[in-house]
C-alpha cells in the first residue's frame, strides 16, 4: 500500500463514517514542488478535529498532511470549493459528494446577470 493509502486507512480507522477522502491542491498539480498534502474528508458525523490530524500524520509518511473535515450536507465556502475542484483526486469513495458540492456552484447568478 502506498503512503497516501496508509493515511486513508488511518483516517478510516479513526472515523468509520468517512464517505470520501479527496486529495487536492499542489500535491496533485505539482507534486514535485508540494510541501504537504491537502485532504478533504467528508463524513457522516464529524469527530474531534485533532483526531483527524493525528491519524493523518501518524507514523512516518514523509510529508505533512493538512485535513479539512466536512459533514455530509455541509458545503465548503465557494472559494475553497473552487480551489479543490481546480485539481483533485478522489482517494476514497466514488466522488458523489464532491460532485454534489460542485453542482452547488452553478445555482447562483452573477451581479448584473438578472
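Here are a few things to note about the model shown:
- Checked against (1) over 21 Å from residue 51 (Cβ atoms); (2) at pLDDT below 95; (3) surrounded by 13 or more Cβ atoms within 10 Å (Cβ to Cβ), residue 76 meets all criteria but (1).
- Residue satisfying condition, being free of Cβ contacts under 8 Å to residues at least 60 places away in the same chain, touching a helix residue (DSSP H, G or I) at 6+ places or on another chain (Cβ under 8 Å) and under 25 Å from residue 102 (Cα atoms), within set 68, 80: 68
- Residue count for region 10-46, restricted to those that are over 20 Å from residue 98 (Cα atoms) and surrounded by 12 or more Cβ atoms within 10 Å (Cβ to Cβ): 4.
- Residues of region 73-84 satisfying the condition of being touching a strand residue (DSSP E or B) at 6+ places or on another chain (Cβ under 8 Å) and assigned to a loop (DSSP other than H, G, I, E, B): 76
- Taking the conditions (1) in a helix (DSSP H, G or I); (2) surrounded by 13 or more Cβ atoms within 10 Å (Cβ to Cβ) in turn, residue 70 satisfies each one other than (1).
- Yes/no for residue 4 being assigned to a strand (DSSP E or B), touching a strand residue (DSSP E or B) at 6+ places or on another chain (Cβ under 9 Å) and either modelled with pLDDT under 95 or under 22 Å from residue 105 (Cβ atoms) (or both): no
- Residue check for residue 59: touching a strand residue (DSSP E or B) at 6+ places or on another chain (Cβ under 9 Å), at pLDDT below 95 and farther than 19 Å from residue 101 by Cβ: no
- Checked against (1) touching a helix residue (DSSP H, G or I) at 6+ places or on another chain (Cβ under 8 Å); (2) under 17 Å from residue 8 (Cα atoms), residue 93 passes all but a single condition, namely (1).
- Remark: pairs (first residue in region 13-37, part of a loop (DSSP other than H, G, I, E, B); second residue surrounded by fewer than 17 Cβ atoms within 10 Å (Cβ to Cβ); Cβ separation under 7 Å; 6+ apart in sequence or on different chains) = 15/47; 17/44; 17/45; 25/87; 33/26; 34/26.
- For region 93-104, the count of residues that are in a loop (DSSP other than H, G, I, E, B), touching a strand residue (DSSP E or B) at 6+ places or on another chain (Cβ under 6 Å) and surrounded by fewer than 18 Cβ atoms within 10 Å (Cβ to Cβ) is at least one.
The values are calculated or read from the model by the stated rules, or taken from the named source; none is laboratory data. These numbers come from a predicted model, not from an experiment. Because the Cβ atoms are built from the backbone with ideal geometry, glycine has one as well, and the counts that use them run over all protein chains shown.
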